[in-house]
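Reading through the structure tokens given below for one structure.
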Amino acid sequence: MDRKKIRIGIFASSHSLIDRVQALAAEQPDQFFLNTHGLDDAIPLALEMVRNGVEVIISRRGTAHLLRENLRIPVLSFPHRSLDILTSLTQAKEEGNKILLPVFRHELGGFEVLEDLLHITLVQHIYTDKASLMQAVAKGREEGCDVVVGGSVTQQSAEALDLKFVEIRTSEEDIVATIENAKSVAIAARDQKATALRYHAIIDAASDGLIAVDESGRITAINETAAALLKLDKAATLGSHFAQVIPQAPISQVLTTKKPIPDRLTRIDRESFVFNCRTITLERDIIGAVSTFRDVSNVMRTEHV
């Protein structure tokens, strides 16, 4: 069976990057959705991409960080290699010896060698969004920086303040590699989603009620039978702590003692149930617990069949 086309969103606001991505995407069998926004401006547009079925997104580093904090799909970033930065700084030196490099959230280390090698002064200013990037570039201009080096959104800020700009270019090889990585990530996410759907179909088909919790006691799974028996809203229950939903259930004892509980008769809201509970372990660490249960009347009917 032929693989369904992967839907890939790409945020690239520099003309050079857009042109190269478009040329490479034209040779690919998958679907690409290009957008020219970056940083926090990209967030609502990325959310719209997700609603339209985009499975993975690629962008520059700062934009990628912000998107990861706001999306539930994989986000990859085009790499900035040391050689790419060195090449850009060498070009920037032709425009001036004091160079501004805006950096996202944290300063980069190891530039002292480049400063000595190229006989330049490199100024780093931190930014966290588009507004603070403009402030960082403005501060660099006030400090006498001759030229700005960075990505496409940085270019917009530099041009708005009449500063010279040199782009840190991403090589064709890195663009191709990032796109291939994005495809692999999307395929893996599809496999995980398919596994999760099978898992939920299996537990919903079970005649017993089933509830699973993580190590802190928050409900991670509940099947249709459990929701019906306990008169719970399945969607609202997920993520809630079991103590707020079914405090009488013996799951807490399993998490505390780390020992299974067989056939525990428990009364919940005037109904009697038989619970079986056990821990879930991963490499000897307890990562949660699972409990199956039946109402007593169903158990008695089964025994007399």
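The values are calculated or read from the model by the stated rules, or taken from the named source; none is laboratory data. This is a predicted model, so every value here is computed, not measured. In this analysis, Cβ positions are derived from the backbone assuming ideal geometry, glycine residues included, and neighbour counts consider all displayed protein chains. The accessibility values were calculated without ligands, DNA or RNA, using every heavy atom of the protein model including side chains. Shrake-Rupley method; radii C 1.70, N 1.55, O 1.52, S 1.80 Å.
Take the residues in segment 74-96 that are touching a strand residue (DSSP E or B) at 6+ places or on another chain (Cβ under 6 Å) and in a loop (DSSP other than H, G, I, E, B); name whichever of them is most open to solvent (accessible area, probe 1.4 Å). Here the residue is Glu95.
The rows are residues; the columns are (1) within 20 Å of Pro79 (Cα to Cα); (2) part of a helix (DSSP H, G or I); (3) of a type in the set (Ser, Thr, Tyr).
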{"position": "Met134", "(1), (2), (3)": "no, yes, no"}
{"position": "Val137", "(1), (2), (3)": "no, yes, no"}
{"position": "Ser184", "(1), (2), (3)": "yes, yes, yes"}
{"position": "Tyr199", "(1), (2), (3)": "no, yes, yes"}
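Only a single criterion out of (1) assigned to a loop (DSSP other than H, G, I, E, B); (2) without any contact (Cβ under 8 Å) to a residue 12 or more places away in the chain; (3) at negative phi is not satisfied by Gly110, namely (3). The sole residue among Thr121, Thr178 that is touching a Phe, Trp or Tyr at 6+ places or on another chain (Cβ under 9 Å) and of a type in the set (Val, Ile, Thr) is Thr178. Got a sec? Which of Ala249, Ala226, Ala236 is over 29 Å from the mean Cα position of the chain (by Cα) and in a helix (DSSP H, G or I)? Criteria check complete, one pass: Ala226. Restricting Leu265, Leu255 to those that are assigned to a strand (DSSP E or B), farther than 30 Å from Val75 by Cβ, in contact with a Ser or Thr (Cβ under 9 Å, 6 or more places away or on another chain) and among the hydrophobic types (A, V, I, L, M, F, W, C) reduces the list to Leu265. I'm checking my understanding of the structure. Among residues of segment 5-46 that are of a type in the set (D, E, K, R), touching a residue at least 40 places away in the same chain (Cβ under 8 Å) and over 22 Å from Arg61 (Cβ atoms), which one is surrounded by the fewest Cβ atoms within 10 Å (Cβ to Cβ)? Looking at residues that are of a type in the set (D, E, K, R), touching a residue at least 40 places away in the same chain (Cβ under 8 Å) and over 22 Å from Arg61 (Cβ atoms), I get Asp30. A single member of Asp174, Asp208 is under 27 Å from Lys4 (Cβ atoms) and open to solvent by 10 Å² or more (accessible area, probe 1.4 Å), and it is Asp174. When Arg198, Arg169, Arg190 are screened for being of a type in the set (Lys, Arg), exposed (fewer than 13 other Cβ atoms within 10 Å of the Cβ) and either at pLDDT below 95 or out of contact with any strand residue (DSSP E or B) (no Cβ under 9 Å at 6 or more places or on another chain) (or both), only Arg198 passes.
Listed here are the residues, each with its yes/no results for (1) aromatic (Phe, Trp, Tyr); (2) touching a residue at least 40 places away in the same chain (Cβ under 8 Å); (3) under 14 Å from Val290 (Cα atoms).
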position	(1), (2), (3)
Ala189	no, yes, no
Ile219	no, no, yes
Ala236	no, no, no
Pro247	no, no, no
Ser252	no, no, yes
Lys258	no, no, yes
